[in-house]
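To start, the structure under review is shown below, and the notes come after it.
The values are calculated or read from the model by the stated rules, or taken from the named source; none is laboratory data. What you see is a predicted model; the values in this text were computed from it and never measured. With ideal geometry, Cβ positions are generated from the backbone for all residues, glycine too; neighbour counts draw on all protein chains shown. Each accessible area value is taken on the protein alone, full model and side chains, heavy atoms only, with ligands, DNA and RNA left out. Shrake-Rupley method; radii C 1.70, N 1.55, O 1.52, S 1.80 Å.
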Amino acid sequence: MRRVLLVEDEEILAKNMAFFLNREGFEVDVASDGEQGLHLFQQGQYDLVLLDWMLPKIDGLTLCRQIRQWSDVPLIMLTAKGEVMDKVIGLEVGADDYLVKPFHQRELLARIHALFRRQEKRERESHQRYLRYEHLVLGRDQMTLRCGEHSVSLTVNEFKLLDLFMRHPEKVFSREDLFDHVWGTSVAYSDRTVDVNISRLRKKIGGLAGQNFLYAVRGYGYRFGGKP
Ligand code: CA
């Protein structure tokens, strides 16, 4: 079931939208201000964000920017008629689409489905900018790893290792495979180099997430994810 985060401070509207989207087969979490919206977004994994423009605590524009630092989740901005809303600004900060209130629920649904189709097309066409495993998000453009509201920068070698692991969760890689992937075949192979870098990566992931997900396979290599 697709999960929707709805950030909307108008209680009745939020209730109606959640009811309608539920009926259409979505699971909906509602936040009534920007701060709560950001919190929910960082904790959960959402397939779509519906974001009101004018919100208490953190406004929709700021929240949209923050979400876009970490996610390319489809996002529709909602705005009331008469609110100062610039479509260009909304799209510039990364909203995929916007709707002016009051809108028809069918219109909302049509926009949502159009976004999902676009996203599926994009994902087929290009490789993703973010890799996810449980609460970990690897930002591939920034070489940064995030968990909830905390993040850590990775070195090029740590990034190459983790990127390989996260693209193949639970797959066992030999030390030689890992070495070739990161350092190439032009450098003399060394077990020690792999182990040292895995150990640093473990510390970073562990410090961030409370567990490191990297498991040694005795006498062979390592895997990421799955049961310890
Ligand atoms: Ca509002």
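Please report, in whole Å³, the volume per residue of the convex hull around the C-alpha atoms of the range 1-114.
So the per-residue Cα hull volume is 90 Å³.
Over every pair of different alpha-carbon atoms in the range 29-78, take the mean of 1/r and invert it; report that Kirkwood radius in Å.
Working: mean 1/r = 0.0945 Å⁻¹.
Taking the inverse mean of 1/r over all distinct Cα pairs, the range 29-78 comes out at 10.6 Å.
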Give a residue-ordered list of calculated ³J(HN,Hα) values for the range 110-117 (Karplus: 6.51 cos²θ - 1.76 cosθ + 1.60, θ = phi - 60°; whole Hz; x for Gly, Pro).
4, 5, 4, 5, 4, 5, 4, 5
Rounded to the angstrom and largest first, Cα extents along the principal axes for the chain equal 66, 33, 32
Between TYR130 and HIS150, what is the label-to-label distance in nm when each label sits 7 Å out along the Cα-to-Cβ direction?
1.9
Gyration tensor (Cα only) of the range 94-228 to equivalent ellipsoid, semi-axes in Å sorted down, yields 38, 16, 13
Placing each pseudo-label 7 Å from Cα in the direction of the beta carbon, LEU13 and VAL196 end up separated by a distance in nanometres of 5.8
Counting heavy atoms of the protein chains only and a 1.4 Å probe, report the per residue accessible area for the range 187-228 as a whole number of Å².
59
Please express the Cα-Cα pair-distance distribution P(r) of the range 148-228 as a list of whole percents, one per 10 Å bin, running from 0 to the bin with the greatest distance.
18, 56, 23, 3
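On the protein heavy atoms, probe 1.4 angstrom, tell me the percent of accessible surface of the chain carried by carbon and sulfur. Display every interim value, and only then the final one.
Details: 5970 of 12140 Å².
For the chain, the apolar C and S fraction of the accessible surface comes to 49 percent.
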Furthest towards positive pole of dipole, ILE76, PHE173, LEU108, structure part the chain, Cβ charges
PHE173
List the trypsin sites (Lys or Arg not before Pro) within the range 1-106 that DSSP assigns to loop and that have no more than 12 neighbouring Cβ atoms inside 10 Å.
LYS81
Less than 15 Å apart at the alpha-carbon level, and either on another chain or at least 8 residues along: which aspartates and glutamates does that give for LYS227?
GLU134, GLU170
For a quick protection proxy, order the peptides 140-152, 30-42 by their average other-Cβ count within 10 Å, most packed first.
30-42, 140-152
Would you tell me the accessible area of GLU10, worked out with a 1.4 angstrom probe on the heavy atoms of the protein chains, in Å² to the nearest 10?
80
I'd like the antiparallel share, as a percent to the nearest 5, of DSSP beta bridges with both residues in the chain.
50
So how far apart, in nm, are the two label points at VAL100 and ALA216 if each is 7 Å from Cα heading toward Cβ?
6.4
Within the chain, helix-based [θ] at 222 nm, where runs of 4 or more DSSP H residues each add -39,500 (n - 2.57), nearest 500
-14000 deg cm²/dmol
